[in-house]
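The structure under discussion appears below in the form of structure tokens.
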Amino acid sequence: MLAGEILVTSGRGAGSDAPLVVATREGLVRALGTRFSVRQQDGVSSVDVFESAVEIRPRDGDGAPLRLAAGRGVAFSRQAPGAPHAIDAYADAWSRGQLIVDDVTLGDFLADLARYRPGIIHCAPEVAQLRLSGVFPLADTARILNMLPNSLPVQVRSRTRYWVSVEPAP
């Protein structure tokens, strides 16, 4: 896997002797009859497990693989996994065309939204710490951006279709 995010559903059954393995730049994720997602980012891979379990083995790690159960997630580098954490109930909402957030910073929200549209979304530091909650349809990211001033003290400036800035409202 070179970039992006995938949702995998695998099963155990007759004739399924070969394990399903997702290879990222940082390591291998082995399915154990499960449903999980893998996200490849710069220098780190992230896994969220929705059913059953997976095993994670960092490429340059020399320890035993990390077994991650349903309801848990972890980010890992080539050397080692981070600390496993509980995943949000809506962590797989993107697979249903939704971005669901609960009390996240505007900066984090825009960084996540940027994965679903071409170009750059710039967030001014003055508004990056504003908090946001909601359910947003990913089919129309321009509409999402244009709705932000309705609930936050910001303005959205589109310099081109591919360069959008979110700044303090005048």
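Taking the criterion of being β-branched (Val, Ile, Thr), closer than 18 Å to Arg115 by Cβ and not assigned by the TED database to the domain that holds Ala111, would at least one residue in the range 47-64 satisfy it? So far as the range 47-64 goes, yes, one or more of its residues are β-branched (Val, Ile, Thr), closer than 18 Å to Arg115 by Cβ and not assigned by the TED database to the domain that holds Ala111. Of all residues in the range 28-45 being surrounded by fewer than 18 Cβ atoms within 10 Å (Cβ to Cβ) and among the small types (Gly, Ala, Ser), which is farthest from Ala86 (Cα to Cα)? The selected residue is Gly43.
Table: residues versus (1) closer than 14 Å to Asp140 by Cα; (2) among the polar types (S, T, N, Q); (3) loosely packed, with under 15 Cβ neighbours inside 10 Å; (4) touching a residue at least 40 places away in the same chain (Cβ under 8 Å).
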| residue | (1), (2), (3), (4) |
| --- | --- |
| Ala86 | no, no, yes, no |
| Arg115 | yes, no, no, yes |
| Ile120 | no, no, yes, yes |
| Cys123 | no, no, no, yes |
| Val127 | no, no, no, yes |
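For the range 22-42, a tally of residues being out of contact with any strand residue (DSSP E or B) (no Cβ under 8 Å at 6 or more places or on another chain) and hydroxyl-bearing (Ser, Thr, Tyr) returns 0. The residues in the range 15-48 that are modelled with pLDDT under 85 and within 19 Å of Ala64 (Cβ to Cβ) can be counted, and the count is 1. Residue check: Ser151 meets all listed conditions (1) crowded, with 16+ Cβ neighbours inside 10 Å; (2) of a type in the set (S, T, N, Q); (3) more than 27 Å from Arg35 (Cα to Cα) but one, namely (1). Taking each residue of the range 129-154 that is among the hydrophobic types (A, V, I, L, M, F, W, C) and looking for partners that are part of a helix (DSSP H, G or I) and loosely packed, with under 13 Cβ neighbours inside 10 Å with beta-carbon atoms closer than 8 Å, six or more apart or interchain, yields Leu132/Ser151. Among the criteria (1) assigned to a loop (DSSP other than H, G, I, E, B); (2) within 15 Å of the chain's Cα centre (by Cα), the one Gln40 does not fulfil is (1).
The values are calculated or read from the model by the stated rules, or taken from the named source; none is laboratory data. Note that the structure is a prediction, hence the values are computed from the model and not measured. For neighbour counting, all protein chains shown are included, and Cβ atoms are generated from backbone atoms with ideal geometry for every residue, glycine included.
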